[in-house]
Amino acid sequence: MNTAVTNAPAPAQPAIEPLRVTLVVGSNRHGRFGPVVADWLLDRLRDRDDLVAEVVDVADVDLPTSFEPTPEATAALAGVTPKLARADAFVILTPEYNHSFPAGLKNLVDWHFGEWRAKPVALVSYGGLAGGLRAVEHLRQVLAELHAVTVRDTVSFHNAGASFDDAGALHDPSGPDAAAKTMLDQLVWWGRALREARAKTPYAG
């Protein structure tokens, strides 16, 4: 008996929904350099079809340090908390002030808890000789306490002001662009894995 063999096409793989990533701009200091780095970073995020980005800028969020749920605090949270809650992943951009990250960024982090849980965070820093890396290491400790997962690779700008021209373009983008790709590839891997895990089993850590 002859059996016909048909080469049926393989079933199409379902499209993977892009990750929602929230970029947190962590400085509200007068004369800050952060927006220059943030614009470069947003371009890297928007170049990718596996990420959809939105921004939370600490400078635009007026939260008291008392953690009192005043009407003003409630109004500020209404604008920022949904952007954190719906994110699958985060990129936090921080300068380094006195060997750590800014108070405004810490205040934003501390006003939230569940929004960070079981989600990955990529860290980008800028500063002088240290490039903000001491701020990054402090952030890793804080985010671990909140059950977030920080990705291994970072992007750091040493002597950041000299790295960009007056139009906000990097003098030599090759190194930072390569570092950003590695970091974002890791963020996407963790973001997809943790999104799937949270969908299957609510995180109860």
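The values are calculated or read from the model by the stated rules, or taken from the named source; none is laboratory data. On a predicted model such as this, the values are computed, not experimentally measured, just so you know. Don't worry about glycine lacking a Cβ; one is built from the backbone with ideal geometry, like all the others, and counts go over all protein chains shown. Quick note on the areas: whole protein, heavy atoms, side chains included, nothing else; ligands and nucleic acids left out. Shrake-Rupley method; radii C 1.70, N 1.55, O 1.52, S 1.80 Å.
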Discussion item. Quick test for you: out of R44, R48, pick the one residue that is over 19 Å from E115 (Cα atoms), under 18 Å from the mean Cα position of the chain (by Cα) and not in a loop (DSSP other than H, G, I, E, B).
Written reply: R44
Response to the item:
Going through the stretch 38-57 in order, the residues found to be open to solvent by less than 30 Å² (accessible area, probe 1.4 Å) and in contact with a Pro (Cβ under 7 Å, 6 or more places away or on another chain) are D50, L51
Worksheet item: With respect to the numbered conditions (1) within 14 Å of the chain's Cα centre (by Cα); (2) β-branched (V, I, T); (3) at pLDDT below 95, which one is the sole condition not fulfilled by V37?
Response: (3)
Worksheet, complete the sentence: The number of residues in the stretch 159-180 that are open to solvent by 50 Å² or more (accessible area, probe 1.4 Å), part of a helix (DSSP H, G or I) and within 13 Å of W40 (Cβ to Cβ) is 1
Worksheet item: Does the stretch 133-147 include one or more residues that are assigned to a loop (DSSP other than H, G, I, E, B) and surrounded by 20 or more Cβ atoms within 10 Å (Cβ to Cβ)?
Response: no
Worksheet item: Checking A89 against (1) within 15 Å of the chain's Cα centre (by Cα); (2) free of Cβ contacts under 8 Å to residues at least 24 places away in the same chain, which single condition isn't satisfied?
Response: (2)
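Anything in the stretch 74-116 that is assigned to a helix (DSSP H, G or I) and within 26 Å of D185 (Cβ to Cβ)? List them, or say none.
Selection gives K83, L84, A85, L105, V109.
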Item to complete: Considering each of A38, A75 in turn, give the residue that is farther than 21 Å from F164 by Cβ and among the small types (G, A, S).
Response: A75
Practice prompt. Sort out which residues of the stretch 177-205 are among the acidic types (D, E) and in contact (Cβ under 8 Å) with a residue 40 or more places away in the chain, and write them in order of number.
Written response: D177
Worksheet entry | Condition broken by D153, with the remaining ones in (1) part of a loop (DSSP other than H, G, I, E, B); (2) without any contact (Cβ under 8 Å) to a residue 12 or more places away in the chain; (3) under 30 Å from A118 (Cα atoms) satisfied | (2)
Discussion item. Scan the stretch 113-126 and tell me whether some residue there is in contact (Cβ under 8 Å) with a residue 60 or more places away in the chain, open to solvent by less than 50 Å² (accessible area, probe 1.4 Å) and more than 20 Å from L42 (Cα to Cα).
Written reply: yes
Worksheet item: Among the numbered criteria (1) touching a residue at least 12 places away in the same chain (Cβ under 8 Å); (2) over 22 Å from K83 (Cβ atoms), which single criterion is violated by E137?
Response: (1)
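Residue by residue, here is whether (1) hydroxyl-bearing (S, T, Y); (2) at pLDDT below 95; (3) over 20 Å from D39 (Cβ atoms) holds:
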position	(1), (2), (3)
A73	no, no, yes
E96	no, no, no
G114	no, no, yes
Y126	yes, no, no
E137	no, no, yes
Q141	no, no, yes
L146	no, no, yes
R152	no, no, yes
